[in-house]
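As structure tokens, the structure follows; a few thoughts come after it.
The values are calculated or read from the model by the stated rules, or taken from the named source; none is laboratory data. None of these values were measured; they are calculated from a predicted model. Note that we place each Cβ from the backbone using ideal geometry, even for glycine, and neighbour counts take in every protein chain shown. Just so you know, the surface numbers come from the protein's heavy atoms only, side chains and all, with ligands and any DNA or RNA stripped out. Shrake-Rupley method; radii C 1.70, N 1.55, O 1.52, S 1.80 Å.
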Protein chains: 2
Amino acid sequence: MSVTLKDVAQAARVSVSTVSRALTGTGLTSERTQQRLVRIARELGYRPNPIARGLKTGQSRLVALLVHNLTNASFQVMAEVVQARLKALGYQMLLCIGGDDPQQESDTLATLVDHRIDGLIVVPTGKNGAQLKTLSKDVPIVCLVRRDDATDLETVLADDPQGAYLGTRHLIELGHKRIGLIVGRQDTTSGRERLSGYVRALREAGIARDDTLIHAGHFEPETGATCARKLLDLPRPPSAIFVANHEATLGVLRVTAERNIAIPDDLSLLCYEDMPWFEWHRPAISIVDNGARDLANLAVDRLLHRMDAKGNGNDGVREYRVGARLIKRDSCRRIDALAPAKSAKSKSSSSKSSAAKSAKV
Amino acid sequence: MSVTLKDVAQAARVSVSTVSRALTGTGLTSERTQQRLVRIARELGYRPNPIARGLKTGQSRLVALLVHNLTNASFQVMAEVVQARLKALGYQMLLCIGGDDPQQESDTLATLVDHRIDGLIVVPTGKNGAQLKTLSKDVPIVCLVRRDDATDLETVLADDPQGAYLGTRHLIELGHKRIGLIVGRQDTTSGRERLSGYVRALREAGIARDDTLIHAGHFEPETGATCARKLLDLPRPPSAIFVANHEATLGVLRVTAERNIAIPDDLSLLCYEDMPWFEWHRPAISIVDNGARDLANLAVDRLLHRMDAKGNGNDGVREYRVGARLIKRDSCRRIDALAPAKSAKSKSSSSKSSAAKSAKV
DNA sequence: CGATAGACTGCAAACGATTGCAGAAACGCT
DNA sequence: AGCGTTTCTGCAATCGTTTGCAGTCTATCG
């Protein structure tokens, strides 16, 4: 079917091994034949067969990226970054979707190593630590975004404590004293860490922590809606909400729209992790950027390092943190410390929005 | 490193070939040894090496999906569908991102066939027809969403004429007579087809085509903004806008928000292809669904068919169309035929929105 | 009881590359 | 000229499977 080394060898009247050496550029062939063979190979349209090569060398030039889904914008950019970086180095990316499901993750991991992938970047579910640990003996692995506590794998994490701190501080600096927090499940690292960043910022500013303003929940839009309602229905509702649970954002936005709450006039809104449409939304939504791009790049760097190092590429560092940064757009507003802004409450109690509420909630 | 057939054979004191036959279930081994070998293989944790197998059989159990990007929601669901279907059949999906760039597409295609993929689903750029045609001799290929006119490859397409027709008719049925259309570049199939569907619906309803209401442009948010402005600035602006250019949607939404145009009260808005947040948006945005899920499923069906058929799986059909359907949400409103609704124009000429306009446009 | 079909099994050659080893050629040196 | 180096090339084994062919064994039948 396709042109093999043998074909080239025959055409050039030399042995297969000579062709192999010439084309891989080992320097063990004479300049003259080297060039001649390269030319002939090109003329014949020879393309090395990675499968055959892989069988012999045990390498596949395949690197896998295992993420939970592709709906999350962060995973999208990570996939694109990883793909671009790897392609430039002659690797093919195997993108796998694990759905945050341990069983699927486990299956996928197994088939991946079967395929002799040269490296793996994985967002672990956290439930297959043992397996990951075993596999890491055969193949370089870097964890991304989440840590699997059962392993000591090299892990590239977002700096969530820092990000949440930055976001909260921003709101405080704008004069907000009552800041609602909608955050993820507290049995996840990111959930806990973001809460801690929020708390730290509050403490530094000398603002008392008010647990009625803090809501933790699942990574789903519905959670955002529920929590937002609870916050807005408070006797003294917050003047700002920090949605540090990415997936919950849609729910929050829906509730504010339903209740006709103007952002940022009635309520300041700060979200976590970008979505492509945030900057097109009016008002453009301010966010804490978790640095998806940087995360992906660093993960690739570390993976490549390990792959080069052939086994023991651990430089002692187990964990890398990628700085978060604040992207100010138009959804947060300074409130006057002296004459506090009308609270969202006042608006939501108007006849119109309460009608909307009873109708749609 | 890992357990091979040889290891199993030694443990069982039989030959490698027997083990191979027993495990692949060719029925050429006695019931008894078959079961024994399977048991031993499992005990030893044997896992077949796809690379070695691939070298011999010429198959890799890898199927590639080549799309333009992952930002587009349709591509996301397609990727997820394809991945799920293939995994169930024991294939691994190789997801590649071509960026709608002919050069990248060409490179990727080449490495994919090098890797001896068993099948390929591709959203073609349209510039590598010759290459695709050549490759299709070696590997089953199905085109998705776009046709490459230089080939006669089997192609699964959305029914854009139908979708655009459905959408337009919906707006007409709601009483709209002046319907703005924002559509994609006219050198793409989808761009042309959607325009034709729109025109057909108009004609059927006996509404004269007004070219000032029709804007074709690039697949970018900015295009949407520009076109929306042009439409809204018309002496007699439309009462409804049909955004049949998915990527342009964000731009349109921004402009309506900037100008404080209430949807659907001041303007009805109908979009093409879903985004995950459309139903969370207030008002929830009505769309014409291009059937991404069905498209992906059909593409997989056809590909599998071809892969089974070993070469000549063409059933004469070259082109499949997947029906579009209308999803009514809250962004389109019935307008009274007798007393026409206040047009967007009246609103946009209020002091507030014109201030916004001069400031931000 | 011997022949023979039928059911299993093993040998060995592939698949297309890489690579250790040894032979050949070319060269310089005494 | 003879010898040792150096440089290049080819032979053949190997990676882990699959598979055609031939051989072995059992059972069946005449």
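A few remarks follow.
- Just so you know, in segment A:11-46 the residues that are surrounded by fewer than 17 Cβ atoms within 10 Å (Cβ to Cβ) and among the small types (Gly, Ala, Ser) include one that is nearest to DNA strand C (Cβ to nearest atom), and it is A:17.
- Selection status of residue A:84, away from DNA strand C (no atom under 16 Å from the Cβ), modelled with pLDDT of 95 or more and of a type in the set (Gly, Ala, Ser): no
- Yes/no for residue A:209 being in contact with a helix residue (DSSP H, G or I) (Cβ under 6 Å, 6 or more places away or on another chain), free of Cβ contacts under 8 Å to residues at least 12 places away in the same chain and open to solvent by 10 Å² or more (accessible area, probe 1.4 Å): yes
- Residue in segment B:52-61 that is in contact with a Leu (Cβ under 6 Å, 6 or more places away or on another chain) and open to solvent by less than 30 Å² (accessible area, probe 1.4 Å) present: no
- Single residue of B:17, B:74 found to be more than 9 Å from chain A (Cβ to nearest Cβ), in a helix (DSSP H, G or I) and in contact (Cβ under 8 Å) with a residue 40 or more places away in the chain: B:74
- Hey, residue B:254 in a loop (DSSP other than H, G, I, E, B) and basic (Lys, Arg) or not: no
- Members of segment B:195-225 found to be touching a strand residue (DSSP E or B) at 6+ places or on another chain (Cβ under 7 Å) and part of a helix (DSSP H, G or I), listed by number: B:195, B:198, B:213, B:223, B:224
- Among the residues of segment B:114-158, those identified as within 14 Å of chain A (Cβ to nearest Cβ), without any contact (Cβ under 8 Å) to a residue 40 or more places away in the chain and open to solvent by less than 30 Å² (accessible area, probe 1.4 Å) are B:114, B:135, B:139.
- Residue A:111 being away from DNA strand D (no atom under 16 Å from the Cβ) and within 11 Å of chain B (Cβ to nearest Cβ): no
- Restricting segment A:85-108 to residues that are more than 8 Å from chain B (Cβ to nearest Cβ) and among the aliphatic types (A, V, I, L, M), the residue that is least open to solvent (accessible area, probe 1.4 Å) is A:86.
- Taking the conditions (1) surrounded by 17 or more Cβ atoms within 10 Å (Cβ to Cβ); (2) within 16 Å of DNA strand D (Cβ to nearest atom) in turn, residue A:82 satisfies each one other than (2).
- The single residue among A:257, A:262, A:248 that is small (Gly, Ala, Ser), in the same structural domain as residue A:210 (by TED's automatic domain parsing) and under 27 Å from residue A:162 (Cβ atoms) turns out to be A:248.
- Only one of the numbered conditions (1) among the hydroxyl-bearing types (Ser, Thr, Tyr); (2) open to solvent by less than 40 Å² (accessible area, probe 1.4 Å); (3) within 14 Å of chain A (Cβ to nearest Cβ) is violated by residue B:272, and that is (3).
- Within segment B:226-247, considering residues that are of a type in the set (A, V, I, L, M) and surrounded by 22 or more Cβ atoms within 10 Å (Cβ to Cβ), the one nearest to residue B:267 (Cα to Cα): B:240
- Segment A:41-56, residues that are within 13 Å of DNA strand D (Cβ to nearest atom) and within 17 Å of residue A:21 (Cβ to Cβ): A:49, A:52, A:53, A:56
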